[in-house]
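The values are calculated or read from the model by the stated rules, or taken from the named source; none is laboratory data. Small disclaimer: the values here were computed from a predicted structure and weren't measured. When the accessible area is computed, the model is the full protein with side chains, heavy atoms only, and any ligands, DNA or RNA have been set aside. Shrake-Rupley method; radii C 1.70, N 1.55, O 1.52, S 1.80 Å.
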Amino acid sequence: MTMWNAWFEFFMTLFASPAHAVRQGRGPAGKLLEGADACAGRDPRRAADLRAAAVTYLGVVR
(Lines give C-alpha, C1' and ligand atoms only; values in the text may rest on other atoms or scores of the structure.)
Protein backbone atom coordinates (compact mmCIF):
# COMPACT_ATOMS: atom_id res chain seq x y z
CA MET A 1 0.00 0.00 0.00
CA THR A 2 1.39 3.34 -0.96
CA MET A 3 1.47 6.34 1.30
CA TRP A 4 -1.29 8.04 -0.71
CA ASN A 5 -3.55 5.01 -0.40
CA ALA A 6 -2.97 4.94 3.35
CA TRP A 7 -3.85 8.65 3.66
CA PHE A 8 -6.92 8.19 1.48
CA GLU A 9 -8.09 5.27 3.61
CA PHE A 10 -7.46 7.28 6.77
CA PHE A 11 -9.53 10.25 5.59
CA MET A 12 -12.32 8.05 4.27
CA THR A 13 -12.53 6.36 7.66
CA LEU A 14 -12.34 9.70 9.47
CA PHE A 15 -15.15 11.37 7.53
CA ALA A 16 -17.39 8.36 6.87
CA SER A 17 -20.54 7.99 8.90
CA PRO A 18 -20.34 5.42 11.71
CA ALA A 19 -23.18 3.35 10.23
CA HIS A 20 -21.38 3.22 6.87
CA ALA A 21 -18.15 2.15 8.57
CA VAL A 22 -19.98 -0.64 10.36
CA ARG A 23 -21.50 -1.91 7.11
CA GLN A 24 -18.03 -1.93 5.59
CA GLY A 25 -16.66 -3.79 8.63
CA ARG A 26 -14.16 -1.04 9.42
CA GLY A 27 -15.82 0.47 12.45
CA PRO A 28 -15.41 -0.50 16.05
CA ALA A 29 -18.37 -2.89 15.90
CA GLY A 30 -16.90 -4.66 12.88
CA LYS A 31 -13.57 -5.02 14.62
CA LEU A 32 -15.28 -6.37 17.73
CA LEU A 33 -17.18 -8.93 15.66
CA GLU A 34 -14.00 -9.99 13.86
CA GLY A 35 -12.33 -10.48 17.24
CA ALA A 36 -15.31 -12.51 18.44
CA ASP A 37 -15.08 -14.77 15.39
CA ALA A 38 -11.34 -15.18 15.90
CA CYS A 39 -11.60 -16.31 19.53
CA ALA A 40 -14.92 -18.21 19.34
CA GLY A 41 -13.29 -21.65 19.33
CA ARG A 42 -10.78 -20.94 22.08
CA ASP A 43 -12.75 -18.72 24.45
CA PRO A 44 -16.53 -18.71 23.89
CA ARG A 45 -17.18 -16.44 26.87
CA ARG A 46 -14.86 -13.74 25.50
CA ALA A 47 -16.48 -14.11 22.08
CA ALA A 48 -19.91 -13.56 23.65
CA ASP A 49 -18.61 -10.49 25.49
CA LEU A 50 -17.19 -9.04 22.27
CA ARG A 51 -20.47 -9.65 20.44
CA ALA A 52 -22.39 -7.97 23.25
CA ALA A 53 -20.05 -4.98 23.08
CA ALA A 54 -20.62 -4.71 19.32
CA VAL A 55 -24.40 -4.80 19.78
CA THR A 56 -24.16 -2.15 22.51
CA TYR A 57 -22.03 0.05 20.25
CA LEU A 58 -24.52 -0.27 17.42
CA GLY A 59 -27.36 0.67 19.78
CA VAL A 60 -25.50 3.84 20.80
CA VAL A 61 -24.53 4.80 17.24
CA ARG A 62 -27.99 4.40 15.79
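Things to note:
- Per-residue accessible area (protein heavy atoms, 1.4 Å probe) orders 34, 9 as 34, 9, starting from the largest.
- The HN-Hα couplings worked out from phi for region 40-51 by the Karplus form 6.51 cos²θ - 1.76 cosθ + 1.60 (θ = phi - 60°) are 4, x, 8, 9, x, 5, 5, 4, 5, 5, 5, 5 Hz, whole numbers, x standing for Gly and Pro.
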